[in-house]
Amino acid sequence: MVYDAVIVGAGACGLMCGVQAAALGKKVLILEKNDRAGAKILISGGGRCNYTNLYSTSENFISEDQTFCENIFKQWTVKDSIWFFESNGIIGKEKVLGQLFPVSNNAKDVVSVFLNLLRKYKAELKLNCSVTNVDRTDESLFETIYEINNRKVRVLSKAVVMASGGLPIGKLGASDFALRTARSFDLRIIETAPALVPLTITGKDKEWFAALAGNSIFCKVSNNRISFNENILFTHWGLSGPAILQISSYWRAGEEIVIDLLPGFSMAEIISEERNLGGKRLLQHVLHEHFTKKFVESLAKFLPIDKKIASLSKVEAKLINKTIHHFTVKPAGDKGYDKAEVMRGGLATEELSSKSLESIKISGLFFGGECVDVTGWLGGYNFQWAWASAFVIAKNL
């Protein structure tokens, strides 16, 4: 049998591509190395699955070519995602910042949508299959070889869709197979790195951060590229939380990040107002109005928290303002692919048609989802890319 397409990977992109292609009457085979489909969907959002973002645009993505994904998102919009899931019984509810979750708060419901549709359209899904090679045959078909139950199987297809994801979360079967396949066809790869990942602190400051483990603070976190206003979380190894995960995608080793611990306020004005009231309160009592007791106590390492506001010198007042609004951190590194939500980098978009996601050099070879150099922010953006890229590929098979 010759399939219209073999889809490597039954994650978000592979499942959506399989459903859309089968609905168009294509004979598709999806090969998944795990014992279940949608493994990463199932753990996303703490098992609740933040399946899109209401405010998703190309601005929320990192890529060597920032405009590349615009053509893809024109073909499959956020409204299309919402309609698709609503048509299949998934009603969304917005949490924060446009993040859309199923009202059931159950990621299994999202995966079930795809499994039901694959059955409806008679698409083939094989689990526990480890794809080892993809190549062209003399007949201009693709030959995909996979292993199952200790035996090798060879299948032929008119097209191959690489939807096997990236390197994050090895326990879920993450691999660089899509990138290795791309290299075997002489396609260019943008250097990859963990993204949406916690950052580590070492050296003399390590103990200070570790002592605050569990404390969460709403902050503005920035570098010379971008800023995010969300919570940070102190951990035993350094920093995590939404704002840190967001900035990590833009952070490079050796760089500093700046944290405004009190965005929307002016510490200088707070001190000035306290002085106008007599300045009898200690600095720590003023800070308690904005931070936890433990965090205020930790600031004693940097600030004279036991001093009355009225007694603060101009130099001390400036130091307080700078510490609160310009707290500078130089991370030692990140927690790596096992703790990263996604991979930055991947197949260079210049290798693909922005209309179809088909390889410009290799007719019939498509790439979608995380293996492509399109990396979204935290909050449902990467799922939107997965759905959109899958749809575009399916209609161009």
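Which of the strands (runs of 3 or more DSSP E) contained wholly in the range 143-255 include at least 3 residues that are crowded, with 23+ Cβ neighbours inside 10 Å? Even if it seems obvious, please write down each step before you answer.
On the way: elements: 151-157, 160-162, 189-195, 216-222, 227-234, 238-240.
Correct list: 160-162.
Is it fair to say Phe327 is in the same structural domain as Leu245 (by TED's automatic domain parsing) and either modelled with pLDDT of 95 or more or not polar (S, T, N, Q) (or both)? Yes; evaluated as a whole, the condition is true for this residue. In contact with a helix residue (DSSP H, G or I) (Cβ under 9 Å, 6 or more places away or on another chain), at pLDDT 95 or above and polar (S, T, N, Q): is that true of Gln66 in this structure? No, not satisfied. Annotation note: of Ile320, Ile305, the sole residue that is over 30 Å from Ile43 (Cα atoms) and part of a helix (DSSP H, G or I) is Ile320.
Does Val110 satisfy being closer than 29 Å to Pro194 by Cβ, assigned to a helix (DSSP H, G or I) and in the same structural domain as Lys33 (by TED's automatic domain parsing)?
On the way: closer than 29 Å to Pro194 by Cβ: yes; assigned to a helix (DSSP H, G or I): yes; in the same structural domain as Lys33 (by TED's automatic domain parsing): yes.
Judged against the criteria, Val110 is a match.
Name the single residue that is farthest from Asp35 (Cα to Cα) among those in the range 124-139 being in a loop (DSSP other than H, G, I, E, B) and in contact (Cβ under 8 Å) with a residue 60 or more places away in the chain. Among those residues, the one meeting the criterion is Cys129. For residues that are among the acidic types (Asp, Glu) and not in a loop (DSSP other than H, G, I, E, B), scanning just the range 327-356, find the one that is surrounded by the fewest Cβ atoms within 10 Å (Cβ to Cβ). Taking the candidates together, the pick is Glu350.
Matching residues to (1) among the aromatic types (Phe, Trp, Tyr); (2) modelled with pLDDT of 95 or more:
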site	(1), (2)
Ile82	no, yes
Gly89	no, yes
Pro102	no, yes
Leu127	no, yes
Asn133	no, yes
Asp138	no, no
Phe142	yes, yes
Tyr146	yes, yes
Val153	no, yes
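Reported count of residues in the range 71-93, each being under 18 Å from the mean Cα position of the chain (by Cα) and either surrounded by fewer than 16 Cβ atoms within 10 Å (Cβ to Cβ) or small (Gly, Ala, Ser) (or both), is 1.
Regarding Ile82, is this residue of a type in the set (Val, Ile, Thr) and without any contact (Cβ under 8 Å) to a residue 40 or more places away in the chain? Yes, satisfied. Annotation note: Cβ proximity below 6 Å between a residue of the range 1-19 that is touching a residue at least 40 places away in the same chain (Cβ under 8 Å) and a residue that is of a type in the set (S, T, N, Q) (sequence gap 6+ or interchain) occurs for Tyr3/Ser157; Ala5/Ser157; Val6/Thr144; Val6/Ser157; Val8/Ser164; Gly9/Ser164; Cys13/Ser389. Got at least one residue in the range 98-105 being under 22 Å from Asn50 (Cβ atoms) and among the hydroxyl-bearing types (Ser, Thr, Tyr)? Yes: one or more hits.
From the list Leu156, Leu127, Leu141, exactly one residue is within 30 Å of Ile91 (Cβ to Cβ) and in the same structural domain as Ala37 (by TED's automatic domain parsing). Which is it?
On the way: Leu156 fails: within 30 Å of Ile91 (Cβ to Cβ); Leu141 fails: within 30 Å of Ile91 (Cβ to Cβ).
None of the others qualify; the one that does is Leu127.
Test Asp135 against the criterion of being touching a helix residue (DSSP H, G or I) at 6+ places or on another chain (Cβ under 8 Å), loosely packed, with under 14 Cβ neighbours inside 10 Å and not small (Gly, Ala, Ser), and give yes or no. In short, yes. Give the range 290-326 a look and list any residue that's within 22 Å of Ile259 (Cβ to Cβ), of a type in the set (Gly, Ala, Ser) and loosely packed, with under 15 Cβ neighbours inside 10 Å, or say none. Result: Ala300, single match.
The values are calculated or read from the model by the stated rules, or taken from the named source; none is laboratory data. These figures come from a predicted structure and were not determined experimentally. Here Cβ is always computed from backbone atoms with ideal geometry, including for glycine, and neighbour counts include all displayed protein chains.
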